[in-house]
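Trainee: Here it is, the structure in full.
The values are calculated or read from the model by the stated rules, or taken from the named source; none is laboratory data. Everything numeric here is computed off the predicted structure, so don't read it as measured data. Don't worry about glycine lacking a Cβ; one is built from the backbone with ideal geometry, like all the others, and counts go over all protein chains shown. In case anyone asks, the SASA skips ligands and DNA or RNA and just uses the protein heavy atoms, side chains included. Shrake-Rupley method; radii C 1.70, N 1.55, O 1.52, S 1.80 Å.
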Amino acid sequence: MPFHDILGQEDVKRLLQNALRKDAVSHAYLFTGPSGSGQMKTALMFAQAIFCTRLKDDACGECLECRKVEHGNHPDLTLLAPDGASIKIDQIRELQRMFSYRSEGVNPKIYIIEGADKMTVQAANSLLKFLEEPPAPAVGILISDNSSSLLPTIQSRTQRIPFSPLHPDIMLQALAGEGVPVALARCAVSLTSGLEGCRELLAQNWFAEMRNLVLQLAKESMGKGSTAVATAGQKLAKTGLGEHLDTLFSMFHLWFKDMLYFLYRRHESIVFIDQLDFISRHARERSTEQWIAYMEFAAESKRKLRSNANAALCLEQFLIRLEG
Ligand SMILES: [Zn+2]
């Protein structure tokens, strides 16, 4: 898997490949930016390129080293992720123990810490000295979508590599190439900030189902004597959709915004593009102000959900407000 396979992130790729070419690979990196922008893929790619015996600034994907990384069994590559809610000091100690002896070959040892901002203070402090003076040649790659909450001392000891969100068009193109239906792809792209995030969302079997439910409820709530509350009750009881109400509210938000896009003749921005016919027939049944108010209802419901309000009640109140 060469660097070329990573979509976008041209600056990141240039920087890392330059470091490889100039033998100037730093001993600690901090990959930041919105989650799902390809940080993990790039970190693995970088590790592979460091180990690769054929190419200096890329991974051939074929040599023994490259294949070991690809199969997840390279002895000099360690992945660390939060154990539950946090990365604990024991995990960092174990890492240090493994790094206390040199690798067998000429390679440095590489560790990738996913969700690095979730290190406990003890874990972070324990990592500090190790970051600067690993006992054996090492390259650390810390990944965080919330790097500002990392200890400043950790931030200052790592080279910051900012990832930028991928342009939606690039993501849509990639997903279309993978055979994802356009309407689903547009929805996923609007809800996440990176291609990996999109793929993860699309792989959830509740995702398409949730989109259908939102469409059903949205359409029912447009009619008089709405049955949306009853429908929602039935559907949520039967399926596991109730656990993903935050996504439901986000989708509703997109749906109302689509109405505005239609009214403002920005059809190219419409997310629920397969519903253009319905949207064109109903967008004028509410005023611009009403659609904006609905968007605010959706955002508000999501906030309530986050502050641990009763989920089913949250949805019911939301649907009732749409009827008003
Ligand atoms: Zn190789």
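Trainee: With respect to the numbered conditions (1) under 23 Å from Arg14 (Cβ atoms); (2) touching a Lys or Arg at 6+ places or on another chain (Cβ under 9 Å); (3) open to solvent by less than 50 Å² (accessible area, probe 1.4 Å), which one is the sole condition not fulfilled by Leu166?
Mentor: Of (1) under 23 Å from Arg14 (Cβ atoms); (2) touching a Lys or Arg at 6+ places or on another chain (Cβ under 9 Å); (3) open to solvent by less than 50 Å² (accessible area, probe 1.4 Å), only one is false for Leu166: (2).
Trainee: Also: Taking interchain pairs and intrachain pairs at least six residues apart, which have beta carbon atoms under 9 angstrom, with the first residue in region 21-35 and among the polar types (S, T, N, Q) and the second in a loop (DSSP other than H, G, I, E, B) and open to solvent by 80 Å² or more (accessible area, probe 1.4 Å)?
Mentor: Hits for this filter: Thr32/Asp145; Ser35/Asp145.
Trainee: Among the listed residues Ala283, Ala237, Ala299, Ala232, which satisfies the condition of being closer than 18 Å to Arg211 by Cα, open to solvent by less than 20 Å² (accessible area, probe 1.4 Å) and either outside any helix (DSSP H, G or I) or not aromatic (Phe, Trp, Tyr) (or both)?
Mentor: Exactly one of Ala283, Ala237, Ala299, Ala232 is closer than 18 Å to Arg211 by Cα, open to solvent by less than 20 Å² (accessible area, probe 1.4 Å) and either outside any helix (DSSP H, G or I) or not aromatic (Phe, Trp, Tyr) (or both), namely Ala232.
Trainee: Pull up region 51-68, narrow it to residues that are within 22 Å of Gly8 (Cβ to Cβ) and either among the charged types (D, E, K, R) or assigned to a helix (DSSP H, G or I) (or both), then point me to the one that is nearest to the ligand (Cβ to nearest atom).
Mentor: Going through region 51-68, the residues within 22 Å of Gly8 (Cβ to Cβ) turn out to be 55, 57-59, 61.
Now restrict to residues that are either among the charged types (D, E, K, R) or assigned to a helix (DSSP H, G or I) (or both): 57-58.
Details: Asp57: 12, Asp58: 8 Å.
My answer is Asp58.
Trainee: Right, here's the next one. Kindly check whether there is at least one residue in region 76-85 that is within 16 Å of the ligand (Cβ to nearest atom) and within 21 Å of Tyr29 (Cβ to Cβ).
Mentor: Looking for residues that are within 16 Å of the ligand (Cβ to nearest atom) and within 21 Å of Tyr29 (Cβ to Cβ), one finds at least one in region 76-85, hence yes.
Trainee: Going by what's in this entry, would Ile292 be described as open to solvent by 60 Å² or more (accessible area, probe 1.4 Å), in contact (Cβ under 8 Å) with a residue 12 or more places away in the chain and part of a helix (DSSP H, G or I)?
Mentor: yes
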